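*Asks:* Just dropping this structure here.
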Amino acid sequence: MSDRRILYPLLLTVFTLGTFFPSLFNGFVYDDHFQLVGNPYVKDFRHLPVLFTTDVWYFSPETRSNNYRPLHMVTYLIVYKLFGLNPFAFHLLNVFLHLCCVLLFWQILGHYVGEFPSFIGSLLFATHPVHVEPVAWIGGTPELLHSAFLLLALLLYTRKAIYWSLIPFAAALLTKEPALVFPGILIADHLLFQRYPHRKFIQWFLPAVLVVL
């Protein structure tokens, strides 16, 4: 492994943590009080069946939703069981998830461009102001979590682990609805780069359809 392969992720980690370090000391705001602090279903493991069989706002009968995000709520449940209602722990989770996304993004870019351009692109991704809301707001956890799953799925796909990529893709679908765009991303990748023979690429979609259903 070259020195750059060690230096680049180290620098990305330093810049990511340095950029979002102040957010660790934020408290609960806005929807955090509704979907976390006041949500009894993310405070006891006996509610796991409910989380996987109902919509994300089931705990609030007056709120109607078709959103199905069990892994989002399970993540809150795990952090709550480990640290209680400590906002620092939930903010630390978000910063960690963003760092995972940055490092995965860097690995993925390496399949399309050279080492230095992939580092610069990932550095911009790590520190861009567009990420402030999901990283600094506890309610942004599902954005970060499903993005990490999708980036892992894409990394596995680019590394020829085509069928293994279905596992994090399924996890992303259980976290937030935008994960449905992933097949479209792979179609674009296939048309532009022909990473796999057409037959093998089509075979990926057969189990992917089952995952979506």
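The values are calculated or read from the model by the stated rules, or taken from the named source; none is laboratory data. Since the model is a prediction, treat every value here as computed from it, not as a measurement. Here Cβ is always computed from backbone atoms with ideal geometry, including for glycine, and neighbour counts include all displayed protein chains. These accessible areas exclude ligands, DNA and RNA; they are computed on the full protein's heavy atoms, side chains included. Shrake-Rupley method; radii C 1.70, N 1.55, O 1.52, S 1.80 Å.
*Asks:* Throw me the Rg/Rh for the chain, computed over C-alpha atoms with Kirkwood Rh, two decimals. Walk me through the numbers before you get to the answer.
*Replies:* Details: Rg = 18.5 Å, Rh = 18.5 Å.
Ratio of gyration radius to Kirkwood radius for the chain: 1.00.
*Asks:* When you have a sec, figure out the Kirkwood radius of the stretch 119-213 from all distinct Cα pair distances and drop it here in Å to one decimal?
*Replies:* Values: mean 1/r = 0.0699 Å⁻¹.
Result for the stretch 119-213, one decimal place: 14.3 Å.
*Asks:* Keeping every protein chain present and rolling a 1.4 Å probe, give me the accessible area per residue for the stretch 1-118 in Å².
*Replies:* Computed with neighbouring chains in place, this is 55 Å² per residue.
*Asks:* Same structure again: With all protein chains present, how much of the accessible area of the chain (probe radius 1.4 Å) comes from carbon and sulfur, to the nearest whole percent?
*Replies:* Whole-percent figure for carbon plus sulfur exposure: 70.
*Asks:* Using a Förster radius of 45 Å, what is the FRET efficiency between I187 and F88 based on their Cβ-Cβ separation? Nearest 0.05, please.
*Replies:* 0.65
*Asks:* Given a Förster distance of 25 Å, report the FRET efficiency between I6 and R159 from their Cβ-Cβ distance, rounded to the nearest 0.05.
*Replies:* According to the calculation, E is roughly 0.80.
*Asks:* Moving to a separate point now. Where the centroid of each part is defined by its Cα atoms, how far is the stretch 12-68 from the stretch 161-198 in Å?
*Replies:* Between the Cα centres of the stretch 12-68 and the stretch 161-198 lies a distance of 26 Å.
*Asks:* Right, another one. Report the calculated FRET efficiency for V37 and H128 (r = Cβ-Cβ distance, R0 = 41 Å), to the nearest 0.05.
*Replies:* Numbers: r = 29 Å, r/R0 = 0.72.
About 0.90, to the nearest 0.05.
*Asks:* Going by accessible area, probe 1.4 Å, with all protein chains left in place, what is the ranking of Y58, Y68, Y157, largest first?
*Replies:* Y58, Y68, Y157
*Asks:* Something else about it: If you stretched the chain out fully between H198 and F15, how much longer would it get, using 0.36 nm times the residue separation minus the C-alpha to C-alpha distance?
*Replies:* Residue separation times 0.36 nm, minus the Cα-Cα distance, leaves 61.9 nm.
*Asks:* Which value, in Å to one decimal place, does the Kirkwood hydrodynamic radius take for the stretch 80-127 when every pair of different Cα atoms is included?
*Replies:* 12.0
*Asks:* Let me ask something else about it. Among the lysines, which have Cα under 21 Å from the Cα of K160 when same-chain residues fewer than 8 positions away are ignored?
*Replies:* Candidates past the 8-residue exclusion: K200.
*Asks:* Another question, then. What per residue convex hull volume, in Å³, do the alpha-carbon atoms of the stretch 1-53 yield?
*Replies:* Considering the Cα atoms of the stretch 1-53, their hull volume per residue is 151 Å³.
*Asks:* Over the Cα atoms of the stretch 46-143, each weighted equally, I'd like the Debye log10 I(q)/I(0) at q = 0.14 Å⁻¹, rounded to two decimals.
*Replies:* -0.67
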